[in-house]
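Structure first, then comments.
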Amino acid sequence: QVQLEESGGGLVQPGGSLRLSCAASGLTFSYYGMGWFRQAPGKERDVVAVISYSGTTLYYADSVKGRFTISRDNAKNTVYLQMNSLKPEDTAVYYCAATRVGRPSMTTPYEFWGQGTQVTVSS
């Protein structure tokens with residue numbers, strides 16, 4: 001059974017940083033493309049960043065370029081999202097997801113999803 005468990009969310013002031021982690025189990029992690037998504041209240045879920053199985057191909061939403069960094073550690077079956085210079089509009093539930101597509105694009109569908117972690121950016 002595939003499980004994805006996010007952690008690291010919380011309340012942070014504007015301009016602050018957080019690092020989200022997503023621990024995967026039940027799949028051969030190093031074969032899967034991974035993505036981070038977010039959903040703000042009353043809005044659709046949007047892709048934030050994606051990373052290929054090897055970690056060499058990365059894509060970001062325009063709204064987070066230069067502020068967020070996606071990375072992965074295949075030895076630890078974990079994908080990360082480092083979020084810097086956070087803004088109130090980054091407030092959302094953040095989800096990680098896994099796809100059998102090894103080099104996903106920003107529009108690749110994902111088969112497996114975590115439960116999400118809340119990120120709130122507020123003073």
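The values are calculated or read from the model by the stated rules, or taken from the named source; none is laboratory data. Only a predicted model underlies this, so the values are computations on that prediction, with no experimental measurement involved. Quick reminder, even Gly has a Cβ in these numbers, built from the backbone with ideal geometry, and neighbours come from all protein chains shown. These accessible areas exclude ligands, DNA and RNA; they are computed on the full protein's heavy atoms, side chains included. Shrake-Rupley method; radii C 1.70, N 1.55, O 1.52, S 1.80 Å.
Residues that are more than 17 Å from V119 (Cα to Cα) and without any contact (Cβ under 8 Å) to a residue 40 or more places away in the chain occur in region 21-29; there is at least one.
The set of residues in region 94-116 being open to solvent by less than 40 Å² (accessible area, probe 1.4 Å) and more than 26 Å from T56 (Cβ to Cβ) consists of G116 alone. Note on region 84-114: residues that are in contact with a Leu (Cβ under 8 Å, 6 or more places away or on another chain) and within 22 Å of G42 (Cα to Cα) amount to 6.
When region 27-80 is limited to residues that are within 11 Å of the chain's Cα centre (by Cα) and open to solvent by 30 Å² or more (accessible area, probe 1.4 Å), the one that is farthest from V121 (Cα to Cα) turns out to be R72.
Only one of the numbered conditions (1) more than 20 Å from Q1 (Cα to Cα); (2) open to solvent by 70 Å² or more (accessible area, probe 1.4 Å); (3) modelled with pLDDT of 95 or more is not met by V12, and that is (2). Does L11 meet the test of being outside any loop (DSSP other than H, G, I, E, B) and over 11 Å from the mean Cα position of the chain (by Cα)? Criteria met by L11.
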